[in-house]
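Input: a single structure, listed below in structure tokens.
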Amino acid sequence: MASALLASGAIVCAAYLWWPAALLLAPFYAYLMIFRIFAPSPQWGHVQEMRTGPARWAPRGGDTQWLDGVWDVRVGRGAWREVKLPSDLATLSGFVRSGPLWFRRRFTVDAPHRGRRVFLGFLGAGGLAEVFVDGRRHAGPVYGFCPFEIELPQDMPPGAGHELLVCVRRSGLRVVREMALGPPYAAGLFRDVYLQSRPRVFIESVRLAPPEAAGRGPRLVVRLDGAESNPVSVSGAIMDSDKKIVFQFQEFAPRVDVAADVVIEAPAHSLRAWSRFKPSLYSAAVSLVCEDVADSGEWIAGYKDFSIGQQGIVINGKAERLYGARRAEHFPPYGGAFPGWAMKRDVELLKDALLNVVVNAHFPMHPGFLDVCDREGLYVVQELPIADALRGNGDEGLAVLEQTMRNAEAHPCFLFWYADRLGIRVASRENKRVAELLKTAHDRGRLVLTPQACAMLGIREPVAQLRPASVDIYNPGDAAALFRMRGPHAQGGPVVAVLDMLDGRGGADTRHAREMRKAEVDQHVLVAADKARAAVLVLGHMFGWGLRVGLISVTRKKKVSLDVVRDYLRNRSTGGLSVPARPSRLLAKAPPLALLFVLALIVMLQPIGMFLLSWPELCLAFIPIHILLLIKETSFLIFVLSLSYAMAREPRHLFRLAGVLRFPVFLRMASQWYYRALAVGLAAAWCQALGFWILLQGRGGAAAAAAGPLAVASLADALFAVLLFVRCPLGPFIAGAALIHGVVLAAMVPWPWALIFSAVAYGPAVLIFLFAPRDVSAF
């Protein structure tokens, strides 16, 4: 409803300013209204065909009760229906643009849970989640793409049926906007839900940390959760893969206040460091005893020595160059309910392509996938969802973010987080904790930021330079520009390049041809990264459900790209690709060229057409006003069509606009030139209408008298036809055309008003193309 009201307000404003602007906006408004009326309803008849994808993972040992199976679900205030979870409701037709999803089921607190702390855990909820137990809200709204837990009241009667109600809202999240550019997935409760009982003081996690100094041994860090004023005994043993005890230990914590870390140093050289070549893992059997409290369990742990320096990424004392790919946890026909058996297959495919690092796409990885990477020897880098995690309840969101960071950093396969934009005002009081958290992670070398994010946090010496970029497979441009002057010896540290591949023509070619083009671009980027000696290069979406716009593949794996990457990393050779010719752009070039021919006929057929630019004032006396207006409209259309054609070579602005507005018609304009022309024409019409209104207010007189000089000066817009043949920076080109327009207009109206009109009519476009970031991701 808010979108419809906003569109209605835009129509009214456009009609007030200038009726052609309202006419240009009408198709968008009509599409929005038709969509609201004829939006598809959920296809409940296909519920039985949904695939459930359990990938059970519990944060610790103990008694775990899985709440999988049949749940009740409804959309908004609709009727309740049965569905099996964990499953992805987005795989059903009609759930793409649904309202809030409500999930309900009854559960029982078993007698063994009595007197113990009971936790309700959610491994994945596709949006902002609110949790109600017996009608009382216990959590939310909290970012559900990160696993989170809530502690239930200890006075809950065992054996009685309790009602669990979960509301999941998808709107407003960046991850949802990104997924809107491809098939939607991860809606509702798409991962497992569990119930787990623990003692009053329990062992939350066990991890191995590298030695603090040379000659010392690795450290075993046991994190305790609870509150206890008496000493707590922590004892146990570490065993190798053959279950042989490496060393035993016993340590005391004087007290536990909410949380405490017990650190035990192992003998030097007793444990081997973990690496992707030899993923050495150990079993840590740990027990806790304190008066009437006892807890025990077994954890898999490993450690590595990791740092980011001027030499790049240093792991276990050796500098490494990392090559990887982004991976989306979307697996047809399961959607976001990624099955556990498929995780190992993805790791094997990455290693087979000689890639050594994997990066998440859209939302954090399933904790079980990190376990697989630990066992198989694959490095992991993750994007930190700062802005999304802090939506809703800020305190709960920050707690979930901190817990997610601790859980990931406990894995030996994990390297660091990265963030291209923060989405927060770090100077405000309520975000001070967030800024401290990010600075601490950055100082520890576990967070890599863009220069803009470093400036927001007041960080002067970044550990590395993050270079996120969108690369259009149809217009790859100069791949070396992504890394130029950004090598390992450049000021600000080594380069961490996280790329995203986009399809700027959206289905204008066959699937095979598009994949061949992506493989060709992968080659160019790999060569450029090697020449610049980038520390980390992450290629875009080797495993996603197609690229974000238009490149929809029937298979999840991009086999051609994987083969190309493997061959290059093995032999450092390029070529050998039979890339089809690009689709002809004659359809996009023909309209502006035809209009240019018509404009030339109109000008030359006038009695003094040849003097239009030499004596502009003389033209106003001899050429009828309707001919002048025809010249104006023709020149304006040449400007719009030529500029929209040139923007295809710099698609970041359109992708950014599409990601913000989210309507499918706006998304399609990023890949089809006629939608792009409609958007450019609308914006240009508004700017020129505003400039025309200012000119009327300042100069006075009739509108027709003021329109004449504008029509003559608008011949400068015909210069934009050059963009059909010449590739050049759009900002300076638009500024030059605006200057010519202003000079011609100044011959007929006072020069201050000519300058004001040119600045209002062309200034926004100049600013966008002059000062917009050149290689920062559109999202």
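Data overview
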item: Pairwise centroid distance, computed over Cα atoms, of region 707-755 with region 512-543, Å; result: 40
item: For region 635-645, Karplus couplings with θ = phi - 60° (6.51, -1.76, 1.60), whole Hz, Gly/Pro x; result: 5, 4, 5, 4, 4, 5, 5, 5, 5, 5, 5
item: Surrounding net charge for P279, when Lys and Arg each add one and Asp and Glu each subtract one, Cβ distance under 9 Å; result: +1
item: Long-range HN-HN contacts of E204 with modeled amide H, under 5 Å; result: R223, L224, D225
item: Low-density loop positions, GluC sites (Glu not before Pro), region 290-327 - DSSP coil, at most 11 other Cβ in 10 Å; result: E291
item: Spin-label pair L593/E163, simplified geometry with 7 Å Cα→Cβ offset, distance in nm; result: 6.9
item: Unsatisfied cross-links (Cα-Cα over 25 Å) in the set K344/K439; K318/K351; K244/K351; K278/K318; result: K344/K439; K244/K351
item: Length released on extending from A581 to W751, taking residue separation times 0.36 nm less the Cα-Cα span; result: 56.3 nm
item: Net charge of neighbours whose Cβ lies under 13 Å from the Cβ of S714, counting Lys and Arg as +1 and Asp and Glu as -1; result: -1
item: Stretch gain in nm, segment S233-E402, where the contour uses 0.36 nm per residue and the Cα spacing is subtracted; result: 58.2 nm
item: Under 5 Å, built H, 5+ apart or other chain: amide partners of E265; result: L220
item: Low-density loop positions, chymotrypsin sites (Phe, Trp or Tyr not before Pro), region 234-298 - DSSP coil, at most 16 other Cβ in 10 Å; result: F277
item: Alpha-carbon centroids, region 251-267 and region 355-387: separation in whole Å; result: 29
item: Ordering of 130-137, 368-375 by burial proxy (mean other Cβ atoms within 10 Å per residue, highest first); result: 368-375, 130-137
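Laboratory data are not the source of any read-out in this text; all were calculated from the coordinates shown. The shown structure was predicted, so the numbers you read here are calculated from the model rather than taken from an experiment. Cβ atoms come from the backbone with ideal geometry, glycine included; neighbour counts cover every protein chain shown.
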